[in-house]
1. Restricted to the stretch 60-98, and to residues that are charged (D, E, K, R) and in a strand (DSSP E or B), which residue is surrounded by the fewest Cβ atoms within 10 Å (Cβ to Cβ)?
2. Whether any residue in the stretch 166-180 is assigned to a strand (DSSP E or B) and either within 29 Å of L67 (Cβ to Cβ) or modelled with pLDDT under 90 (or both) is what I want to check.
3. Report, by residue number, each residue of the stretch 129-147 that is of a type outside the set (A, V, I, L, M) and either surrounded by 10 or more Cβ atoms within 10 Å (Cβ to Cβ) or under 16 Å from K119 (Cβ atoms) (or both).
Amino acid sequence: MKKTKSKKNPSQIFNLKRLHAGKFVIDSLMPVYRHIIGYKITLQVNNLDLHNFWSSPDPFLMIKDPLGAVLYTTEALSFNPTLQWRPFDLVISHDHPLDIECWVAFSSGAPYEYIGSVKTTLRRLFLNYSQNVGELFLINPILKERIPSYNNSGYMTITHMGEILGQMGPEWPQPVPFKQ
């Protein structure tokens, strides 16, 4: 006896039937919200307390997490009274602690000099920016311990902070429609 394979229609296998269901009425439209995945930040530093006057200082910022992993390092700028770095993206959670450190590289090849740091979160940075509370003081704990009259080693200002939005809707790729 010869077996023949019969080709079945996929709709017969799954018992699918196409029915006309009538009109489709849209009752209301709801906006699709995009979630914030990070921020584009522009920082500026003023009144840096520099100790090495013999060579030209080139300050830069280093952004670290609490474990010491470097999340971002800015470019070293030639020194002037108000330094503003190029905008950069930070894509981490809002409440993730950050340590923003200011360092100075010298053209003479001397070791980097630690100026000070700010301990904060992205949420606090955004609140400071949105409420126009501009000054975040750079504190050097070693100088604070040694010098009783020490206040700060300069201050950092957030000149711009914009949101980086994630994808709208589902985050997985949509299936390709079946072609017959």
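The values are calculated or read from the model by the stated rules, or taken from the named source; none is laboratory data. As the structure is a prediction and not an experimental result, all values here were calculated from the model. FYI the Cβ positions are ideal-geometry reconstructions off the backbone, even for glycines, and counts take in every protein chain you see.
1. Looking at the filtered set, the residue picked out is D89.
2. no
3. Correct list: Y129, S130, G134, E135, F137, N140, P141, K144.
So that you can scan it fast, the table gives a plain yes or no per residue for (1) closer than 19 Å to P57 by Cβ; (2) touching a Leu at 6+ places or on another chain (Cβ under 8 Å); (3) not in a helix (DSSP H, G or I):
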residue	(1), (2), (3)
I100	yes, yes, yes
I115	yes, yes, yes
L127	no, no, no
P148	no, no, yes
S153	yes, yes, yes
T159	no, yes, yes
G162	no, no, yes
